[in-house]
1. Working carefully through the options 140, 102, find the one that is modelled with pLDDT of 85 or more and open to solvent by less than 60 Å² (accessible area, probe 1.4 Å).
2. Let me confirm something: among 12, 70, which residue is within 18 Å of residue 113 (Cα to Cα) and either modelled with pLDDT under 90 or surrounded by fewer than 15 Cβ atoms within 10 Å (Cβ to Cβ) (or both)?
3. Tell me which residues, restricted to the range 133-149, are touching a helix residue (DSSP H, G or I) at 6+ places or on another chain (Cβ under 7 Å) and outside any helix (DSSP H, G or I).
4. Show the residue pairs that are 6+ apart or on different chains and have beta-carbon atoms under 7 Å apart, the first residue being within the range 94-114 and under 21 Å from residue 145 (Cβ atoms) and in contact (Cβ under 8 Å) with a residue 40 or more places away in the chain, the second being small (Gly, Ala, Ser) and open to solvent by less than 80 Å² (accessible area, probe 1.4 Å).
5. With respect to residue 130, is the statement that it is at pLDDT 90 or above and either not in a helix (DSSP H, G or I) or not aromatic (Phe, Trp, Tyr) (or both) true?
6. For the range 43-64, give me each residue that is buried (at least 17 other Cβ atoms within 10 Å of the Cβ) and without any contact (Cβ under 8 Å) to a residue 60 or more places away in the chain.
7. Which one is farthest from the chain's Cα centre (by Cα) among residues in the range 108-133 that are open to solvent by 70 Å² or more (accessible area, probe 1.4 Å) and not hydrophobic (A, V, I, L, M, F, W, C)?
8. Scan 81, 152 and give me the residue that is more than 15 Å from the chain's Cα centre (by Cα), part of a helix (DSSP H, G or I) and either at pLDDT below 75 or on the phi > 0 side of the Ramachandran plot (or both).
Amino acid sequence: MRDAAEFDAFYSASAHRVLGQLYAMVGNRAEAEDAVAEAYARAWDRWAVVRGCDSPEAWVRRVAYRVAVSTWRKTVNRMRAHRREATEQRVDAASVDHVAIVAALRHISAEQRRAVVLHHLVGLSVAEIAAEVGANENTVKTRLARGRRALAAHLTEPEHHGVDERARS
């Protein structure tokens, strides 16, 4: 019973955060929910080992990301169904900034998006990201730099080159 209470506390403290992080990485809430649920189920099955990890939360996040990627590779039809469902869902109002960031994240590579989310939203260091994604630190730094540049290109408002907005209408 002690293990169940410990796991429940871990789940309660981390599930919402991991879901938000994975959603930012994969860009589809339904897929993120499925992958996170599967990752926590696997963590429970291996709780004796997972709880001894430096970061059980990172273990779950890494497994969830792998589950999501595996799902993409295996079931193209499933992805289409989730996207159709997601477009029909009622979503609470989001800020303009939130919408812009989510849209910009969709325009950068998966590796860059993962590094940017882990660094800026999760708050992991370069070394922690490298350990989590199985890459060396220089690769992570490169992905972060390129990801930031790509995001900046999608988030920067175009300059009007001296043309007054009133003259355009």
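The values are calculated or read from the model by the stated rules, or taken from the named source; none is laboratory data. As the structure is a prediction and not an experimental result, all values here were calculated from the model. Glycine also receives a Cβ, built like all others from the backbone with ideal geometry; neighbour counts cover every protein chain displayed. These area figures cover heavy atoms from the full protein model, side chains too; ligands, DNA and RNA do not enter into them. Shrake-Rupley method; radii C 1.70, N 1.55, O 1.52, S 1.80 Å.
1. Working: 102 fails: modelled with pLDDT of 85 or more.
The unique qualifying residue is 140.
2. On the way: 12 fails: within 18 Å of residue 113 (Cα to Cα).
Sole residue among the options that is within 18 Å of residue 113 (Cα to Cα) and either modelled with pLDDT under 90 or surrounded by fewer than 15 Cβ atoms within 10 Å (Cβ to Cβ) (or both): 70.
3. The one that is touching a helix residue (DSSP H, G or I) at 6+ places or on another chain (Cβ under 7 Å) and outside any helix (DSSP H, G or I): 136.
4. Matching pairs, first to second residue: 105/24; 105/27; 106/27; 107/150; 108/147; 108/150; 113/147.
5. Details: at pLDDT 90 or above: yes; either not in a helix (DSSP H, G or I) or not aromatic (Phe, Trp, Tyr) (or both): yes.
When the stated conditions are applied, residue 130 passes them.
6. 43, 50, 56, 57, 59, 60, 63, 64
7. Residues of the range 108-133 that are open to solvent by 70 Å² or more (accessible area, probe 1.4 Å), as a first pass: 111, 120-121, 128, 131.
If we keep only those that are not hydrophobic (A, V, I, L, M, F, W, C) as well, we get 111, 120, 128.
Details: 111: 11, 120: 11, 128: 15 Å.
It comes out as 128.
8. Numbers: 152 fails: either at pLDDT below 75 or on the phi > 0 side of the Ramachandran plot (or both).
Just a single option satisfies the conditions, and that option is 81.
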